[in-house]
Structures are given as C-alpha cells and as structure tokens.
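In what follows, a single structure is set out as structure tokens and then discussed.
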Amino acid sequence: MTQSDPQAASKARDPVLLKRILSALILAPVALACVIAGGQAFSIFIAAFSAAMAWEWIRMSDATARPRAFATATGTAVGAALLAAQGTPVWAAFWILAGSVGVFMDRRPRGGATISLLGVLYVAASTALLVAMRSQPETGLISVLYLLAVVWSADTFAYVAGTWLGGPKLLPVASPNKTWSGLVAGLIFGVAGGTLLAVSFELGAGHAALVALPIALAAVLGDLVMSLAKRRFGVKDAGSVIPGHGGVLDRVDALMLATLVAGGLMLMAPQVWPVGTL
C-alpha cells in the first residue's frame with residue numbers, strides 16, 4: 001500500500017467503513033421518521049429494538065441459555081417499553097424489576113445470574129426511559145432529537161478521531177481502538193451537536209451546551225462499557241444483524257447509557273433539562 005492509494009489506506013484503518021456508512025444511511029432516516037411520528041410508531045420501533053437487544057445480551061452472556069431465558073429477557077424489555085408508552089412509569093418499573101428477577105432466577109443454577117440481571121435491567125430501563133421521554137406531549141419530540149443530536153455527534157466523532165487520529169489508548173483492556181483523542185472529539189462534537197439542535201429550536205445555547213456535556217460523556221462511556229462486556233464474554237460483536245456494526249447492542253451502546261443519564265436529569269433535576277420534564 002502506498003500513500004497514493006487513499007482507498008487502501010481507509011480499508012486498513014477500518015475495513016468495514018463502507019458498510020457502516022451504508023447501514024447508517026438506511027437506519028438513521030427510519031429512526032428519525034419514527035421519532036418524528038411518535039405515538040405507536042415510535043413505541044413499536046423501540047420495543048422491537050429492545051427485544052433484539054435483550055436477546056443479544058442473553059445470547060452473548062449465557063452460552064447455555066434455554067428458550068425460557070430468551071423469552072423472559074425479551075418480554076421484560078418489550079413490556080417495559082410498551083408500558084412506558086402508556087404513561088404508567090410505576091407499572092413499567094415493576095415490570096422491569098419482576099422480569100429482571102425472573103432472569104436472575106433462571107440463570108442462577110448455571111452461574112452468572114447477576115450478569116444476566118444487570119444486562120436485562122440495563123436494556124429495559126434505557127429503552128423504557130427513551131419511550132417515556134418521547135411520550136411527553138409538548139416536549140417529547142425536541143427532547144429526543146436533542147438527545148440524539150448529542151449522542152450521534154459524540155459517537156460518530158469519537159469513532160472518527162479514534163480511527164483516523166489514533167493516539168494513546170483510552171482503556172486497552174476494553175478495546176484497542178478507543179483512544180483519548182476519540183474521547184475528546186466525542187465530548188466536543190457531542191456538545192456542539194446538542195447546542196446546534198437547541199439553537200435551531202430557539203432554546204438557550206449555553207444551557208443546552210452545559211447539559212450536553214455529561215450526556216456526551218455517557219455516550220462515549222456507554223460504548224466503552226459494551227466493549228468491556230464483549231471482552232468479558234469473549235465475543236467481537238453482540239450480533240450480526242447490522243452490517244458494519246454487528247448487533248443492535250453494538251449500534252446503540254452509546255445511546256443506552258446516555259438515555260439513562262438524560263432521563264435521570266429529567267427526573268431528579270427537571271429544572272436543569274433544557275427542553276422539558278418527564
């Protein structure tokens with residue numbers, strides 16, 4: 001490979017870059033259409049994704065999982081999303097707790113029960129919060145668009161900087177591709193993305209930028225958390241359904257933790273959230 005061969009150079013840095021771009025060009029418009037539509041379209045879209053995420057977690061973390069384990073995990077995630085869409089957070093929380101305990105009890109005889117519980121809890125809570133956020137009649141759309149602007153910007157530019165700029169590794173034990181340059185780029189562009197979205201809706205730029213910082217950090221760390229989990233389970237990807245990315249968990253890992261942080265801010269410090277409250 002020579003310096004005059006940019007295509008070969010790009011493949012050397014990321015052999016699945018083209019697949020990643022094509023997948024994004026297909027998935028992003030579909031996701032945005034469902035976000036804008038809201039209502040049942042968004043709830044069903046998230047419920048379907050949550051089922052795939054829960055299934056992937058069980059498959060990845062429990063090589064001897066029985067059909068009951070998959071059914072309990074996916075049912076917990078889907079039910080949580082649909083209950084959140086109905087505006088019943090208490091029942092959604094109860095459903096998540098009961099389902100997670102069910103997953104724990106099923107896995108307990110085989111060992112590793114805590115891992116299964118935490119994974120299903122993580123999936124169900126993050127998807128339920130995202131649906132609850134969008135379900136707000138006056139502020140739901142802007143809140144979710146703001147969250148996506150931060151997360152997609154942070155995740156994209158953390159990946160680009162880590163792949164193309166390189167530099168010192170962030171946490172080699174989790175992933176050899178995560179770098180400090182990627183973390184810094186993710187924070188900068190995550191804040192910028194959230195701020196631009198806020199300005200476009202005539203919201204306070206300074207306030208939006210301040211809130212975007214912890215969300216952008218959560219997005220970058222969410223990617224790292226999933227990398228740690230996959231390393232622990234000895235797998236490269238959580239699945240293979242999305243070309244260039246792997247599984248659904250591989251694609252939305254940044255959004256999961258960021259949603260929990262954003263939802264936590266809306267619930268515990270509603271005056272801080274730049275758009276509205278849950």
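What's the magnitude of the charge dipole for segment 153-278 around its Cα centre, counting Lys and Arg as +1 and Asp and Glu as -1 at the beta-carbon? Answer in Debye, nearest 20.
The calculation lands at about 440 debye.
How big is the gap, in Å, between the Cα center of segment 16-71 and the Cα center of segment 200-278?
One Cα centre to the other: 15 Å.
Given a 10 angstrom Cα cut-off, can you work out which residue in ILE21, ILE36, ILE58 is the most mobile in a GNM of the chain?
Judging by the Gaussian network model, the answer is ILE21.
Grab the Cα-Cα distance for LEU18 and PHE233, subtract it from 0.36 nm times how many residues apart they are, and report the gain in nm with one decimal.
Working it through step by step, the gained length comes to 74.7 nm.
Which residue fluctuates most in the GNM of the chain (Cα springs below 10 Å): ILE188, ILE242, ILE26?
ILE26
Ignoring ligands, DNA and RNA, what percent of the accessible area of segment 53-157 is carbon or sulfur (1.4 Å)?
Looking at segment 53-157 in its full context, I get 70 percent from C and S.
Place a +1 charge on the Cβ of each Lys and Arg in the chain and a -1 charge on the Cβ of each Asp and Glu, then give the dipole magnitude about the Cα centre in debye, rounded to the nearest 20.
Roughly 860 debye, rounded to the nearest 20.
Using 0.36 nm per residue, how much length does the chain from LYS169 to ILE44 gain when fully extended, once their Cα-Cα distance is taken away?
Net length gain for the segment: 41.1 nm.
Mind checking which of GLY239, LEU210, ALA37 is farthest towards the positive end of the chain's charge dipole, using Cβ charges of +1 (Lys, Arg) and -1 (Asp, Glu) about the Cα centre?
Going by the Cα projections, it comes out as GLY239.
Full-extension gain between VAL101 and THR64, please, as 0.36 nm times their residue separation minus the C-alpha to C-alpha distance.
Here the answer is 11.5 nm.
Answer with a single label: of [x] 1, 5, 9, 12, 15, 17, 17, 12, 7, 3, 1, 0, 0, 0; [y] 1, 5, 11, 14, 15, 14, 13, 10, 8, 5, 2, 1, 0, 0, 0; [z] 1, 6, 12, 16, 18, 17, 14, 9, 4, 2, 1, 0, 0, which was calculated as P(r) over Cα pairs in 5 Å bins from 0, in percent from the structure in view?
[z]
Would you work out which of THR72, ALA185, LEU83 lies farthest towards the positive end of the dipole of segment 68-187? Charges go on Cβ: Lys and Arg +1, Asp and Glu -1.
THR72
Separation between the GLU138 and MET268 pseudo-spin-labels, each 7 Å from Cα along Cα→Cβ, expressed in nm?
Computed distance between label sites GLU138 and MET268 equals 2.6 nm.
Using only helices, what value at 222 nm comes out for the chain when you add -39,500 (n - 2.57) per DSSP H run of length 4 or more and divide by the total residues, to the nearest 500 deg cm²/dmol?
That comes out to -26000 deg cm²/dmol.
Which helices, counted as full DSSP H runs in the chain, have an axial Cα extent of no less than 20 Å and a Kyte-Doolittle average of -1.0 or above?
Result, helices passing both filters: 17-37, 39-61, 67-85, 89-107, 113-134, 140-164, 180-200, 205-233, 248-268.
Just how large is the dipole of segment 52-116 about the Cα centre, in debye to the nearest 20, putting +1 at every Lys and Arg Cβ and -1 at every Asp and Glu Cβ?
220
For a quick check, take a GNM of the chain with Cα springs below 10 Å and name the residue from VAL90, VAL78, VAL101 with the largest mean-square fluctuation.
VAL90
Count the lysine pairs in the chain whose Cα atoms lie under 17 Å apart, taking only pairs 8 or more positions apart in sequence or on different chains.
5
Amide H neighbours of THR179 under 5 Å, at least 5 residues apart or on other chains, H built in the peptide plane: list them.
LEU170
Which whole-number value in Å² is the accessible area per residue of the chain, probe 1.4 Å?
Solvent-accessible surface per residue comes out at 48 Å².
I need the trypsin sites (Lys or Arg not before Pro) found in segment 170-278, filtered to DSSP loop residues with at most 16 other beta carbons within 10 Å of theirs.
Those satisfying the criteria are LYS236.
The values are calculated or read from the model by the stated rules, or taken from the named source; none is laboratory data. In this text the structure is predicted, and so the values were computed from the model without any measurement. Every residue, glycine as well, gets a Cβ built from its backbone with ideal geometry; the counts of neighbours run over all protein chains shown. We work out accessible area using only protein heavy atoms, side chains counted, and drop any ligands, DNA or RNA first. Shrake-Rupley method; radii C 1.70, N 1.55, O 1.52, S 1.80 Å.
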